[in-house]
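Q: Could you have a look at this structure, given as structure tokens, before my questions?
The values are calculated or read from the model by the stated rules, or taken from the named source; none is laboratory data. Every value quoted in this text rests on a predicted model; they were computed, and no experiment measured them. Cβ placement follows ideal geometry from the backbone for every residue including glycine, while neighbour counts extend to all protein chains displayed. The area values use the complete protein model at the heavy-atom level, side chains included, leaving out ligands, DNA and RNA. Shrake-Rupley method; radii C 1.70, N 1.55, O 1.52, S 1.80 Å.
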Amino acid sequence: MHQSVQTQGGFRPVQDLAWTAEMVRPLADRGVGTPATFLRKSFVVERAEANAVLRISALGLYRCFINDRRVGDDQLTPGWTAYDARLSYQTYAVGPLLRDGENTIEIWLGDGWMRSQMMWGQAPLFNVWGEHVAAIAELRAGPGDAPVLLATDGSWQSGELPIRKSGIYFGEIFDARLRPEVSAGAEVLAYDKSILVPHETTPVRELAPLPVVSSWTDGEGRTVYDFGQNIGGYVAFTTRGEAGARILVEHAEILDPEGEFYNVNYRTAAARLEYTLAGGGDEDYRPHFTFQGFRYARVTVEGAAEILSIVSVPISSVTELKAAFTSANPLVNRLVLNTVWSQRANFIEVPTDCPQRDERLGWTGDAQVFAGTACYLAEARGFFTKWIRDVMADQREDGAVPHVVPDPTRLKPEHYPGFYGSTGWGDAIAVVPWQLYLHYGDRAILEEALPAMVKWVDFVWSISDGPIVSPPRGWGARGFSFGDWLQPKGPSAKPLPTIGDDAAATIYLHITSTLVARIARIIGREDVAGRLQGMADAVKAAFAREFVTASGRLCYDDQTSYALAFLHDLIPEDKAEAAKQYFLATIRRSEGRIGTGFIGTPALLPALVKIGEPGIAADVFLQEEVPGWLYQVKMGATTIWERWDAIQPDGTIYNPQMNSYNHYAYGAVCQWLLEGVAGFRPDPEDPGFATIIFEPVIIPELSPVQASHDSPRGPIRAGWTVEGDQVRYTVEVPSGSRGLLRLPAGSRGASVDGEALADGAERELAAGRHEVRFRITPARRLELDLVDINARTP
Ligand code: BGC
């Protein structure tokens, strides 16, 4: 149970209560990378209050026990925020744990995100948000401002734990022969308690454990376990053996071409567990203050011990699935599942890029491209609201939004100067709140974040002091941009065009200034709306002058340029038809394969549909060669890969220096499967699914398609089947909503619930189930000349 403890009946809500407790550090603590420690206090209560409430937080990660029983089952508490500006606390009902008379409370503390390694191996950062682990806890006899029974102060005791070392990247060393013994006292830290905030999102929880799918012994006698699914989480095992025997667990996402355990791509993240047995019976172990990204675990047993059972335990802040999409194509269905698992593994307190290597950071660009999909697949309102508040806390004075949030480089810039301000990444400050508005009708986050959005747009404009943004090339330079990160460029001997940073940055300045103007209008800030719209119009005009040639070709002539420019109306009317032909030429040039990276990819298929080429969009989506969505599924992926070519067709593994098998960014295609193919989306004019627009994209070879989403207004369902040119589209509108039906261009002979619908007409749909029938004209598909230059050229 959390924050909202009985705020009725005259009690002041707990979050408004001043803290009587102090932030206290264990004097037994010897600093980062040393044994974890605990704080302990014995206390007497006359009568154990059934409604007793504990408020608690920590610097570092904590676990709390009252009379040796764990408080709650949340993982990695208090969570991860920009700790110097905001620290989450949790509230638990602990009445059942108390007893009359003598009680003991113990708070275990681990290094966590606060002080264990952050950033990658060449320049690892430690103690980013502080050197001292500490805790603050307050026990009250009941909810609200009930009497305080106990509060952390200088009288608490401390000692070391059996956890001999722990770190987010490192893993954990646990010596079960040791018992928590008091060896020192505690010290009150000077701490600004006003930055303590009630935890704003669902807690990190364990999902159902995954059993071993297969296991084998390798050449060195180690046992490799395959759990069949790449996750973010940890192993849990039961062992039996002699005291002092050791179990060592390593983790991997893939096997190499020889079938060997492979985790070079983890870089400096050790991601290992070491457990020393106490002996004398069965012993259960799972780590406390870390998690790993893995599908395979390799276990080495040193000494006389055996593993009796082992499972893989996924953890996530998103435990409930809120959408589904199925079709006749098993690769497509698996791709959706892979996206679900990548979200679970990368929504652990913060939207991260990956869960396995020495990174696992809140990359803003990845979050912005994935935000829409994330809100469909899970309840993400609290999760993103919390994160956007951290984005605002980490935003620089001049408006630059950092590359990652929470941002370790803000407090420790020496090794990562200028780690902020990239277009396509910083735009998360506007795009994520906009998705919360669309999906949940949340105006409050728009009002709260508007000033930060405007500061960001002004920052981008200031990069080149005008509508054309020319980012410098050097990492760390003011205005550096990732462009269209990881955009494929085809064979090195005969590379395909890619977008220039200036075009990518200028397009994003247009996207976000337009969006922020719209947001300002919605919340009644006409002054801001006017200024931002003026900037957007200036950028559009400048874009046409700078990047659109007289023939209608865009100067970089790559897929990302056309996809983003068409999707965001940057192509001048009179050049649209010509530009469309150039766009289609870029698709043919790559034999229908993807030619877009992190920011281009989410725009590619919607842009092709927008220019009236749903058939070409279908061909690009359904082709199974690299680069492509289905290629990785065909290659056995169980999550979304960071790179299109993470494993080559011959099994060769791409360079491990940046090669994660669990990055959700390219999973953003699921938004198109739901909004495009199944065809339902929130109406921005009536958000939060009050009005749902139904406008499917029919891809006959995917029939039957079935999709659903548990929206804030109730379950939405949409699905279609195709026989010949006849489509049957069935939709369900939740009771609290209305539907707006828009049939694909070229549909004819339509009827809704048996009632004819004029070609091209829209139809309002009341709550309930509706059957729509219409005939389609087969869409143009990609004809490719089978020269296949890409495969032949190295
Ligand atoms: C991260 C990505 C990020 C990219 C931008 C990578 O290291 O994993 O998620 O978007 O850097 O540079």
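Q: Given the criteria of a type in the set (A, V, I, L, M) and modelled with pLDDT of 95 or more, does ALA50 qualify?
A: no
Q: Okay, moving on. Identify the residue in the range 474-501 that is away from the ligand (no atom under 16 Å from the Cβ) and aliphatic (A, V, I, L, M) and, among all such residues, is nearest to GLY592 (Cα to Cα).
A: Start the filter on the range 474-501 by keeping residues that are away from the ligand (no atom under 16 Å from the Cβ), which leaves 478, 489-497, 500.
Of the ones still in play, those that are also aliphatic (A, V, I, L, M) are 493, 496.
Working: ALA493: 20, LEU496: 13 Å.
Here the answer is LEU496.
Q: Need pairs with beta-carbon distance below 6 Å; first residue within 11 Å of THR339 (Cβ to Cβ) and within the range 660-674, second near the ligand (Cβ under 10 Å from one of its atoms) and in a helix (DSSP H, G or I); sequence gap 6+ or separate chains.
A: TYR664/ASN346; ALA665/ASP366; ALA665/VAL369; ALA668/VAL369
Q: Then there's this: Since GLY615 meets every condition but one in (1) of a type in the set (Gly, Ala, Ser); (2) surrounded by fewer than 24 Cβ atoms within 10 Å (Cβ to Cβ); (3) within 26 Å of the chain's Cα centre (by Cα), which condition does it not meet?
A: Going through (1) of a type in the set (Gly, Ala, Ser); (2) surrounded by fewer than 24 Cβ atoms within 10 Å (Cβ to Cβ); (3) within 26 Å of the chain's Cα centre (by Cα) one by one, GLY615 breaks only (3).
Q: Condition check: within 19 Å of GLU642 (Cβ to Cβ) and more than 15 Å from the chain's Cα centre (by Cα). Does LEU277 satisfy that?
A: Answer is no for this residue.
Q: Please go through the range 698-717 and give me each residue that is buried (at least 24 other Cβ atoms within 10 Å of the Cβ) and part of a strand (DSSP E or B), ordered by number.
A: Within the range 698-717, VAL705, ALA707, HIS709, ILE716 qualify.
Q: If you take the residues in the range 652-667 that are part of a helix (DSSP H, G or I) and open to solvent by 10 Å² or more (accessible area, probe 1.4 Å), which one is farthest from the ligand (Cβ to nearest atom)? If you could, list the steps in order and put the result at the bottom.
A: Just the residues of the range 652-667 that are part of a helix (DSSP H, G or I), to begin with: 656-658, 665-667.
Filter once more, keeping what is open to solvent by 10 Å² or more (accessible area, probe 1.4 Å): 656-658.
On the way: PRO656: 13, GLN657: 10, MET658: 6 Å.
Ranking the qualifying residues of the range 652-667, first place goes to PRO656.
To keep it simple, each residue is scored yes or no on (1) closer than 24 Å to LEU54 by Cα; (2) part of a strand (DSSP E or B).
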| position | (1), (2) |
| --- | --- |
| GLU102 | yes, yes |
| ILE105 | yes, yes |
| GLU138 | yes, yes |
| GLY142 | yes, no |
| ASP145 | yes, no |
| SER158 | yes, yes |
| SER166 | no, yes |
| PHE174 | no, yes |
| SER183 | no, yes |
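Q: Looking only at the range 350-370, which residues are within 9 Å of the ligand (Cβ to nearest atom) and among the aromatic types (Phe, Trp, Tyr)?
A: Of everything in the range 350-370, just one residue is within 9 Å of the ligand (Cβ to nearest atom) and among the aromatic types (Phe, Trp, Tyr), namely TRP363.
Q: Turning to a different aspect of this structure: Whether any residue in the range 415-431 is away from the ligand (no atom under 16 Å from the Cβ) and not aliphatic (A, V, I, L, M) is what I want to check. Steps first, answer last, please.
A: Of the range 415-431, the ones away from the ligand (no atom under 16 Å from the Cβ) are 430.
Next cut, not aliphatic (A, V, I, L, M) only: none.
Checked the range 415-431: no residue is away from the ligand (no atom under 16 Å from the Cβ) and not aliphatic (A, V, I, L, M).
Q: Residues to consider are LEU436, LEU411, LEU450; find the one that is more than 16 Å from the ligand (Cβ to nearest atom), in contact (Cβ under 8 Å) with a residue 12 or more places away in the chain and open to solvent by 40 Å² or more (accessible area, probe 1.4 Å). Write out each step before concluding.
A: Values: LEU436 fails: open to solvent by 40 Å² or more (accessible area, probe 1.4 Å); LEU450 fails: open to solvent by 40 Å² or more (accessible area, probe 1.4 Å).
Answer to the selection: LEU411.
Q: Can you pull out the residues in the range 378-400 that are touching a helix residue (DSSP H, G or I) at 6+ places or on another chain (Cβ under 9 Å) and open to solvent by less than 10 Å² (accessible area, probe 1.4 Å)?
A: Residues satisfying the conditions are ALA378, ALA380, PHE383, PHE384, TRP387, ILE388, VAL391, ASP394, GLY399, ALA400.
Q: When you check ALA504 against the structure, is it of a type outside the set (Ser, Thr, Tyr), closer than 29 Å to GLY612 by Cβ and within 16 Å of the ligand (Cβ to nearest atom), yes or no?
A: On the way: of a type outside the set (Ser, Thr, Tyr): yes; closer than 29 Å to GLY612 by Cβ: yes; within 16 Å of the ligand (Cβ to nearest atom): yes.
Answer is yes for this residue.
Q: Identify, by number, the condition in (1) more than 16 Å from the ligand (Cβ to nearest atom); (2) within 10 Å of the chain's Cα centre (by Cα); (3) free of Cβ contacts under 8 Å to residues at least 40 places away in the same chain that PHE347 doesn't meet.
A: Of (1) more than 16 Å from the ligand (Cβ to nearest atom); (2) within 10 Å of the chain's Cα centre (by Cα); (3) free of Cβ contacts under 8 Å to residues at least 40 places away in the same chain, only one is false for PHE347: (1).
Q: Output the number of the condition that TYR225 fails; it satisfies all remaining conditions of (1) part of a loop (DSSP other than H, G, I, E, B); (2) open to solvent by less than 60 Å² (accessible area, probe 1.4 Å).
A: (1)
Q: Which pairs do you get when a residue that is over 15 Å from ASP29 (Cβ atoms), found in the range 121-134, comes within reach of a residue that is part of a strand (DSSP E or B) and modelled with pLDDT of 95 or more, reach meaning Cβ atoms under 7 angstrom, with the pair 6+ apart or on two chains?
A: Pairs that qualify, where the first residue is over 15 Å from ASP29 (Cβ atoms) and the partner is part of a strand (DSSP E or B) and modelled with pLDDT of 95 or more, are LEU125/MET118; VAL128/MET118.
Q: Could you list, in sequence order, the residues of the range 523-577 that are aromatic (Phe, Trp, Tyr) and free of Cβ contacts under 8 Å to residues at least 60 places away in the same chain?
A: PHE547, TYR556, TYR562, PHE566
Q: Let me ask you something else. Among the residues that make up the range 106-120, is at least one of them under 19 Å from GLY362 (Cβ atoms) and modelled with pLDDT under 95?
A: First, the residues of the range 106-120 that are under 19 Å from GLY362 (Cβ atoms): 111-120.
Next, only the ones that are modelled with pLDDT under 95 stay: 120.
Yes, the range 106-120 contains a residue that is under 19 Å from GLY362 (Cβ atoms) and modelled with pLDDT under 95.
Q: A further question follows. Somewhere in the range 460-480, is a residue buried (at least 24 other Cβ atoms within 10 Å of the Cβ) and in a loop (DSSP other than H, G, I, E, B)?
A: yes
Q: Right, here's the next one. Is it true that some residue in the range 57-72 is open to solvent by 10 Å² or more (accessible area, probe 1.4 Å), free of Cβ contacts under 8 Å to residues at least 40 places away in the same chain and touching a Ser or Thr at 6+ places or on another chain (Cβ under 8 Å)?
A: Taking every residue of the range 57-72 in turn, at least one turns out to be open to solvent by 10 Å² or more (accessible area, probe 1.4 Å), free of Cβ contacts under 8 Å to residues at least 40 places away in the same chain and touching a Ser or Thr at 6+ places or on another chain (Cβ under 8 Å).
Q: Can you give me the number of residues within the range 15-28 that are closer than 24 Å to ARG86 by Cβ and open to solvent by less than 20 Å² (accessible area, probe 1.4 Å)? Spell out how you get there, then give the answer.
A: Step one: list which residues in the range 15-28 are closer than 24 Å to ARG86 by Cβ, which gives 15-26.
So of that shortlist, the ones also open to solvent by less than 20 Å² (accessible area, probe 1.4 Å) come out as 17, 21, 23-24, 26.
Selection size over the range 15-28: 5.
Q: Would you point out the residue of the range 622-647, among those that are over 15 Å from ALA668 (Cβ atoms) and polar (S, T, N, Q), that is farthest from the ligand (Cβ to nearest atom)?
A: Here the answer is GLN623.
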